[in-house]
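Below is one structure, written out as structure tokens, with a few remarks after it.
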Amino acid sequence: KQQKNFSLLLVILVSVQVIYGGLMAGHHAALHFSTWPKIGNAWIPDGMFSLSFFRNPFYNVVFIQFLHRLLAYIIFVLIFVYWFQYRKKTKTTRNSFKSLENARWINWWSQANELNGFLFLSCYNKR
């Protein structure tokens, strides 16, 4: 039950992350703040709440980029936690080994996706 809830939390967070990835692309938000790890010159940039409560999450480029990065860090950590917890619980049966392999691929895919974002910012910033 606990593992199912943790999996559901990860699915929800990744889904929100994908939505915010689409907002990042649609608003060209990466072009506004192409620095990492800070956004511009600050960890929490100015102008994050410059629009109304309902417009801010969808139209404020600063907020969109901040939330997209924050979600990436949270998902990064939670996938490692999930993988280590799941690894401890599995036994050496054939089905659990296949599930462990799937969890390992999810872990590596997530880390590669994070690296992709960091490399994009690093390469773009040097132009």
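The values are calculated or read from the model by the stated rules, or taken from the named source; none is laboratory data. These numbers were taken from a predicted model, which means no experiment stands behind them. No Cβ is skipped: glycine too gets one built from the backbone with ideal geometry, and neighbour counts run over all protein chains shown. The area values use the complete protein model at the heavy-atom level, side chains included, leaving out ligands, DNA and RNA. Shrake-Rupley method; radii C 1.70, N 1.55, O 1.52, S 1.80 Å.
Of note:
- Failed item in (1) assigned to a helix (DSSP H, G or I); (2) open to solvent by 50 Å² or more (accessible area, probe 1.4 Å), with Phe63 passing the rest: (2)
- Number of positions in the range 14-42 that are free of Cβ contacts under 8 Å to residues at least 40 places away in the same chain and among the hydroxyl-bearing types (Ser, Thr, Tyr): 1
- Filter pass, Leu13 being open to solvent by 40 Å² or more (accessible area, probe 1.4 Å) and either on the phi < 0 side of the Ramachandran plot or of a type in the set (D, E, K, R) (or both): no
- Phe54 meets the stated requirement of being in a loop (DSSP other than H, G, I, E, B) and open to solvent by 80 Å² or more (accessible area, probe 1.4 Å).
- Residues being in contact with a helix residue (DSSP H, G or I) (Cβ under 7 Å, 6 or more places away or on another chain), open to solvent by less than 40 Å² (accessible area, probe 1.4 Å) and either in a strand (DSSP E or B) or modelled with pLDDT under 70 (or both) are entirely absent from the range 69-82.
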